[in-house]
Amino acid sequence: ALALDPGDFRIHIVLGDAEAYDDAPEARERARVHFRQVMELGPRDWYGHLRYAVYLQNEGELRESVREADLAVELQPSAEYAYLCASLSLLWLGEAREAKARAEAGLAQVPSSRLMRVNLAAALHALGDRPGFQETIKTLTGAWPEDHVITRLLAGLAADLEGRPSTLKTIFEAYLAQVEKTPWKE
């Protein structure tokens, strides 16, 4: 496809994503090259900015990830995953208030987003806002099975806010032990 139309930025998005999930450093660098082509050929494409933001987040370039996610939101205000990406990057940067604001802005655009509510809950946890956290997770009751990673994450964060950090650690360690036993793990 690239040989047929080297100017089609959408091809570079697909190739960038494919290379980004290869563990080899040279593959991830090729992904960067593809995403830069996307920015050059399709600078007004919100999805290209979103995919580049995710790539940057995975590379640990969190400030740049937030910048790209913000561009995606500017171009497509209902781009749920752009808000998620920005909110999560901000949480990892230790900027919980800003992460909370991004999650709330995302929920204003996509009120049904359960994942946005998880990000909001994580930001509220980081801020120590127990009532806000509890109110937010009530809206997620039954959203995932009991043994799902998100259900466990929220239970651990709730325990931590209740002053039981050892329970948080126990929940996470049990989940890690379960994941390590999965048959698909190499």
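The values are calculated or read from the model by the stated rules, or taken from the named source; none is laboratory data. All figures in this text were calculated on a predicted structure; none of them were measured in a lab. Cβ sites come from the backbone with ideal geometry, for glycine too, and all protein chains shown count toward neighbours. Protein only, heavy atoms only, side chains kept; ligands, DNA and RNA dropped before computing areas. Shrake-Rupley method; radii C 1.70, N 1.55, O 1.52, S 1.80 Å.
Worth pointing out:
- Bridgeable aspartates and glutamates around residue 169 (alpha carbons under 14 Å apart, same-chain partners fewer than 8 residues away excluded): 160.
- Rounded percent of accessible protein surface that carbon and sulfur make up, the chain, 1.4 Å probe: 54
- The value of relative contact order for region 111-186, using C-alpha pairs under 8 Å at least six residues apart, is 23 percent.
- Packing rank of 101-110, 116-125, where each peptide gets the mean count of other beta carbons within 10 Å, highest leading: 116-125, 101-110
- Relative to the longest principal axis of the Cα atoms of the chain, the long axis of helix 96-109 lies at roughly 70 degrees.
- Charged side chains reduced to their Cβ positions (Lys and Arg at +1, Asp and Glu at -1) give region 33-186 a dipole of some 260 debye around its Cα centre.
- To the nearest ten degrees, helix 25-41 and the longest principal axis of the Cα atoms of the chain are 70 degrees apart.
- ³J(HN,Hα) computed for each position of region 54-64 - Karplus, 6.51 cos²θ - 1.76 cosθ + 1.60, integer Hz, glycine/proline x: 5, 4, 4, 4, 5, 7, x, 8, 5, 4, 5
- Taking the C-alpha atoms only, the angle from helix 149-161 to the longest principal axis of the chain is near 50 degrees.
- Projecting the Cα atoms of 106, 124, 35 onto the charge dipole of region 1-142 (Cβ charges, centred on the Cα centre) puts 124 farthest toward the positive pole.
- Most fluctuating residue given options 73, 14, 38, as computed from a GNM of the chain linking Cα atoms under 10 Å: 14
- Positive-end residue, region 46-142 charge dipole about Cα centroid, Cβ charges, pick of 66, 137, 76: 137
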